[in-house]
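The values are calculated or read from the model by the stated rules, or taken from the named source; none is laboratory data. What you see is a predicted model, and the numbers here were worked out from it, not measured in a lab. Heads up, the Cβs are rebuilt from the backbone with ideal geometry, glycines too, and the neighbour counts pull from every protein chain shown.
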Amino acid sequence: MTAPREEMACQICLSPLNTLGTPPTYVHPIQLTTDGHAPVPVPVSQLDTVQRTCDFCGDPYPTWTLVGGEVTALAIGAAAGLVQNFGQAWAACATCQTHIDDGRIYKVVDRAVQAFGLGDHSQARERIKQLHQAFLNARGPGRTLITTTAWPATAITARELPKIRDRLARFYRSEDGLPTALATAETRQDIAAGLDRAGLFWIDSDFTDLAEYAAEKLPDVTTSRDLMPSTDGLLVWPRPVTPRQITAASWTTTTEGWHLVSYRTIGGGLDGTPLQRLREQVGWLAPISTVQVHERHALPVDHPVAALTATWLLIAQQAAQVTTAEVDKVVRKTYARTNRPAPEVRVVRIGANGGGAPSSARSAPGDPAPSQTSRFWVSGHWRNQPYGPGRALRRPIYISPFLRGPDNAPIRLGTTVRILGSQKPKSENQN
């Protein structure tokens, strides 16, 4: 039996590609409007985001991949005479999936007819119905969550975090499929168990700004057990961070190291039954990438978990003030009914020192002599700090922006520095 061909997308527009003929020629879908560029095929497994649409109705936020009958069609119009293969794997949005689950296939056809602006064109409606039925009549069991959809961001509050953690753990234990890196039953069970044990961390907005800014300048980091604020954990930022638009990350301890998983929020913009089903079946978070690391594993500067690593480091170096959030009353009662201890959510804010600039930062070699006539801002940066047995190991610490120069000298103009803190700065007269 031949192995299924890996799905390809265009590296330029991130659109999934259809195939023509054998051996396959990759082409943009007929209905897709492009700037005329030729397809540049890359495996979708190499992309965090793919600009796919629901294959039933064209919705821009597909949720599930279904496997059904092999569907081919004779292309018409400018591409007349070409047989186009639509494949055995189709993407379904949450609404179409709800109608399919409920046996209302006519509703799926209605959505397609409306989306394509076909009005009362009965012949076109019949052709769409035939395509859908050809696929669904041979549909196989199961479905796989599409993790490359760039959903609108959904805000997560600290109060909701225990419920979100529990729903995510339940999804890992479900029969619904996940992409290859998370597809094995052993990996899924490990992560689900880690989430059950996880410390919960909600990062406030100012600390998120600091972590994101610091992540851009982060040097190579070596993983170690004392780098992480808990043995297992789930950490959520209040908004997507870094160009990869991740909103949460989890770490799970295994015998070989840790599973590090990055997540984006899912379901933004949905309402009604489709949203309710998605929250029940998946929850609020969808994994977009995973990596397994071990003790003393080197993470390069451009590593996908740079934002998580920067946040860990800032928490560890006393740049953080950690308090406990009040958990939703319904969640507390649910935990009590199942004899689980009440969940604790730690809220991380910028501490009093705003980023841990030690006094040595102001007296490092190269500081200006006391006779200097002005002060100037030194931008935030990382410095390797010795630690461990014999201080032989090195760990990056973040140095917040600070003024270098004599205390009473005027500040040199022309330098813009971004300072983040939990308190409003004092006026010049108060300093």
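In the condition set (1) crowded, with 19+ Cβ neighbours inside 10 Å; (2) at pLDDT below 90; (3) in contact with a helix residue (DSSP H, G or I) (Cβ under 8 Å, 6 or more places away or on another chain), V50 is compliant with all but (2). When H121 is tested against (1) modelled with pLDDT of 90 or more; (2) over 18 Å from the mean Cα position of the chain (by Cα); (3) surrounded by 13 or more Cβ atoms within 10 Å (Cβ to Cβ), just one condition goes unmet, and that condition is (1). Residues in the stretch 225-283 that are of a type in the set (V, I, T) and either in a helix (DSSP H, G or I) or within 19 Å of T144 (Cα to Cα) (or both): V261, T265, I266, T273, V282. No other residue among T223, T252 is out of contact with any Cys (no Cβ under 7 Å at 6 or more places or on another chain), modelled with pLDDT of 90 or more and either under 18 Å from H297 (Cα atoms) or surrounded by fewer than 24 Cβ atoms within 10 Å (Cβ to Cβ) (or both) apart from T252. Within the bounds of the stretch 128-148, is there any residue that is out of contact with any Lys or Arg (no Cβ under 7 Å at 6 or more places or on another chain), modelled with pLDDT of 90 or more and on the phi > 0 side of the Ramachandran plot? Yes, because at least one residue in the stretch 128-148 is out of contact with any Lys or Arg (no Cβ under 7 Å at 6 or more places or on another chain), modelled with pLDDT of 90 or more and on the phi > 0 side of the Ramachandran plot. Inspection of the stretch 88-110 finds a residue satisfying the criterion of being modelled with pLDDT under 90, among the aliphatic types (A, V, I, L, M) and under 28 Å from P23 (Cβ atoms).
Summed over the stretch 259-300, the residues that are crowded, with 18+ Cβ neighbours inside 10 Å and in contact with a His (Cβ under 8 Å, 6 or more places away or on another chain) give a count of 1.
In the stretch 132-145, the qualifying residues are those that are under 18 Å from P62 (Cα atoms) and out of contact with any helix residue (DSSP H, G or I) (no Cβ under 9 Å at 6 or more places or on another chain), and the one that is surrounded by the most Cβ atoms within 10 Å (Cβ to Cβ) is F135. Residues that are crowded, with 16+ Cβ neighbours inside 10 Å and under 29 Å from the mean Cα position of the chain (by Cα) within the stretch 90-107 comprise W90, A91, A92, C93, A94, T95, C96, Q97, T98, H99, I100, listed in sequence order. With the requirement that a residue be closer than 20 Å to L260 by Cβ and either assigned to a loop (DSSP other than H, G, I, E, B) or polar (S, T, N, Q) (or both), what does the stretch 145-172 give you? Residues satisfying the conditions are T147, T148, I156. Of the residues that make up the stretch 266-281, is at least one assigned by TED's automatic domain parsing to the domain that holds W237, under 30 Å from R383 (Cβ atoms) and under 19 Å from the mean Cα position of the chain (by Cα)? Checking the stretch 266-281: not a single residue is assigned by TED's automatic domain parsing to the domain that holds W237, under 30 Å from R383 (Cβ atoms) and under 19 Å from the mean Cα position of the chain (by Cα). Among the residues making up the stretch 174-205, those that are surrounded by 15 or more Cβ atoms within 10 Å (Cβ to Cβ) and of a type in the set (D, E, K, R) are R188, D190, D204.
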